[in-house]
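The values are calculated or read from the model by the stated rules, or taken from the named source; none is laboratory data. All of these numbers come straight from a predicted model, not from anything done at the bench. Positions of Cβ are generated from backbone atoms using ideal geometry, with glycine treated the same way; all protein chains shown enter the neighbour counts. For accessibility, only protein heavy atoms count, side chains too; no ligands or nucleic acids. Shrake-Rupley method; radii C 1.70, N 1.55, O 1.52, S 1.80 Å.
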Amino acid sequence: MLRRILMLSVGMGFLASVGIALVPLLPRDGGVIAAASEAQADPSMSAPKATDAQSGRFTIIERPDLRPFMPRNPSYDSPLLAGVMTHETRDGMTPRHWQIYAPQSQAPSPRPVILLFHGANRDGMSMIHMWKQVADAHDLVLIGLNAPSGGWNVTKAEGRYLQAVLDHAAAEYAIDRGRVFLFGHSAGSIMAQVVANRVHGPWRGVAGHAGTVNPAWLSPIAEAPPVRHYLGTADHIFGVDEAIMAGEIAANAGHDHHLILVPGHTHWFYVGGPAFAADAWAWFDTL
């Protein structure tokens, strides 16, 4: 397997050169400001900020082996999956549903958890479908989150809600609160990376397919979890140059950031999803 690894470093000159361009990209109501107000209400929900955080390492790896065969006219609908249960947890006063898949197991010890963030116009079941084979092989518990009406809102990092979902899951399933990982596709990839940067939680690592986080939404934090970002070089929504810039700034914020470029791969997730899930778990399992 051919892998080309490029080690890139981010310097203050680079950050200064993009600073003016990045600031206007913040949402009008202020993504970082919203996270700060949430932290003021509940400090335990905000990742510990660190203006002098130690920079992480930014790595680019080419993975042509992950490129899936693409059908001429790809389409996908979330299937009904045996063994998936639906639960309801309130987000403030709003009830929200999420799905969980816990393979039947005789293992007495708690199992790792993957929190899954879906892409636009999809649902948590679509992500469980892509991860189910890996969960069966490695005895993982999958939690498929569903975005609130209107989609994922990066100005609300959802820390209290995610912790409430984990509490709910822990009351009914044997989960390992010390081995919780985040994975998302497209908009869900962006949301997972925002959560990893803004929310103080048991996140051991985060991986995403396609979605590149706006680096203006990232802040330097202590104990930043590592990030693995899969991106096809033929993605028509997220470009390689933007992903490199975002990865460099994420590393400067303290995250070890691995950009996995898949030559010729597009934005489509629902053919190669199980292979990306298997690769992500192989990496998660080392953390």
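Taking chymotrypsin sites (Phe, Trp or Tyr not before Pro) across segment 119-194, the ones in a DSSP loop with at most 16 further Cβ atoms lying within 10 angstrom of their Cβ are 173.
How big is D for segment 79-144, in µm² s⁻¹ as a whole number, if Stokes-Einstein is applied with the Kirkwood radius of its Cα pairs at 37 °C and 0.692 mPa s? It diffuses with D of about 261 µm²/s by this estimate. The local environment of residue 241, defined by Cβ-Cβ distances under 13 Å, has a net charge of -3 under the rule Lys, Arg +1 and Asp, Glu -1. By the Stokes-Einstein formula, at 1.567 mPa s and 4 °C, segment 172-265 with its Kirkwood radius over alpha-carbon pairs has D equal to 97 µm²/s.
3J(HN,Hα) couplings calculated from phi for segment 159-165 with the Karplus curve 6.51 cos²θ - 1.76 cosθ + 1.60 (θ = phi - 60°) are, in sequence order, x, 5, 5, 4, 5, 5, 5 Hz; Gly and Pro show x.
For segment 146-245, the list of GluC sites (Glu not before Pro) that fall in a loop by DSSP and count at most 14 other C-beta atoms within 10 angstrom reads 223.
The residues of segment 54-155 expose on average 53 square angstrom of accessible surface per residue, using a 1.4 Å probe on protein heavy atoms. How charged is the neighbourhood of residue 179? Take every other residue with its Cβ under 10 Å from the Cβ of residue 179, and add Lys/Arg as +1 and Asp/Glu as -1. With Lys, Arg at +1 and Asp, Glu at -1, the neighbours total +1. The residues of segment 174-253 expose on average 26 square angstrom of accessible surface per residue, using a 1.4 Å probe on protein heavy atoms. Once divided by 2.2 N^0.38 Å, the Cα radius of gyration of segment 118-182 becomes 1.19.
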